[in-house]
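A short write-up of the structure that comes next.
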Amino acid sequence: MSTTDPAPGRRQLRGTDVKRLNRDWRRRTEGRLGLLVESVTQPFNMGSIIRSAAVFGVERLWLAGNATPPDQRNVAKTALGTERLVPWEHAGTPAKAAAAIREEGLRIVAIELTGDAVPLHEAPLDGNVCLAVGGEDHGCSPALLAAADAVAYIPQIGRVGSLNVAVATAIALAEARRREWSA
């Protein structure tokens with residue numbers, strides 16, 4: 001075996017294999033997961049968020065503030081067609097969005113750096129939950145934080161104090177599912 005040959009059994013999965021693998025993970029998933037996006041204005045960020053939402057099985061996307069809608073032309077360049085897989089609505093204000101989310105039976109966990117935030121790996125992500133993220137420059141508004149049931153942050157040890165909103169959303173969605181799958 002040459003040094004460039006992959007280990008036995010280590011080859012990239014083909015389409016059918018990926019579908020089978022994803023189907024197995026869906027069978028292990030019972031918790032309902034929603035996502036509230038407030039005032040994310042950059043189409044690239046919104047497209048990335050939507051793509052992550054589709055990957056992790058977000059059942060509904062609520063928009064608040066001046067969030068760029070998924071049907072905006074430039075969002076599709078990053079979402080790569082996944083914008084049609086995640087139902088969405090613009091709920092208006094964070095308070096109205098929170099009311100709609102609670103009507104669906106979901107708790108709200110905002111992802112933000114606040115004095116009372118807990119590390120994401122300790123956040124109450126069990127059961128039916130809706131994660132909430134805020135705009136690129138200012139994060140979650142005071143109104144959104146007031147409407148949240150809990151606040152969590154993503155621990156960071158580097159010299160940079162924050163993550164891109166789309167990256168932070170993907171990490172939080174992955175943690176919510178990981179927690180359910182390892183329970």
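The values are calculated or read from the model by the stated rules, or taken from the named source; none is laboratory data. Since the structure is predicted, the reported quantities are computational estimates derived from the model, not experimental observations. For neighbour counting, all protein chains shown are included, and Cβ atoms are generated from backbone atoms with ideal geometry for every residue, glycine included. Accessible surface is based on the protein model in full, side chains and every heavy atom, while ligands, DNA and RNA are left aside. Shrake-Rupley method; radii C 1.70, N 1.55, O 1.52, S 1.80 Å.
Observations on the structure shown:
- Whether a residue is open to solvent by 70 Å² or more (accessible area, probe 1.4 Å), in contact (Cβ under 8 Å) with a residue 24 or more places away in the chain and either farther than 20 Å from A64 by Cβ or out of contact with any Gly (no Cβ under 7 Å at 6 or more places or on another chain) (or both) was assessed, and D116 passes this test.
- Some residue of segment 57-71 being more than 20 Å from W181 (Cα to Cα) and of a type in the set (S, T, N, Q): yes
- Within segment 155-176, tally of residues that are under 19 Å from W62 (Cα atoms) and crowded, with 19+ Cβ neighbours inside 10 Å: 8
- Single condition W25 does not satisfy, out of (1) touching a Lys or Arg at 6+ places or on another chain (Cβ under 9 Å); (2) modelled with pLDDT of 95 or more; (3) not small (G, A, S): (2)
- Count - residues of segment 119-133 that are without any contact (Cβ under 8 Å) to a residue 60 or more places away in the chain and crowded, with 20+ Cβ neighbours inside 10 Å: 3
- G34 falls short of the stated requirement of being of a type outside the set (S, T, Y), farther than 22 Å from L163 by Cβ and either out of contact with any helix residue (DSSP H, G or I) (no Cβ under 8 Å at 6 or more places or on another chain) or assigned to a strand (DSSP E or B) (or both).
- Of all residue pairs spaced 6 or more apart or on separate chains, those with beta-carbon atoms under 8 Å, a first member in segment 52-74 that is on the phi > 0 side of the Ramachandran plot and a second member that is assigned to a strand (DSSP E or B) are G57/L33; G65/E38; G65/G135.
- Test: residue in segment 53-61 that is assigned to a helix (DSSP H, G or I), open to solvent by less than 50 Å² (accessible area, probe 1.4 Å) and farther than 21 Å from D149 by Cβ: yes
- Residue that is in a loop (DSSP other than H, G, I, E, B), open to solvent by less than 20 Å² (accessible area, probe 1.4 Å) and not hydroxyl-bearing (S, T, Y), where the choices are A152, A67, A98: A67
- Residue in segment 81-89 that is touching a residue at least 12 places away in the same chain (Cβ under 8 Å), farther than 19 Å from I171 by Cα, over 16 Å from the mean Cα position of the chain (by Cα) and open to solvent by 50 Å² or more (accessible area, probe 1.4 Å) present: no
- Residues of segment 168-183 satisfying the condition of being more than 19 Å from R32 (Cβ to Cβ) and free of Cβ contacts under 8 Å to residues at least 12 places away in the same chain: none
- Qualifying residue in segment 135-143 (condition: of a type in the set (S, T, Y), on the phi < 0 side of the Ramachandran plot and either open to solvent by 50 Å² or more (accessible area, probe 1.4 Å) or part of a strand (DSSP E or B) (or both)): no
- Just one of the numbered conditions (1) within 24 Å of R178 (Cβ to Cβ); (2) crowded, with 17+ Cβ neighbours inside 10 Å; (3) in contact with an Asp or Glu (Cβ under 7 Å, 6 or more places away or on another chain) is not true of S48: (3).
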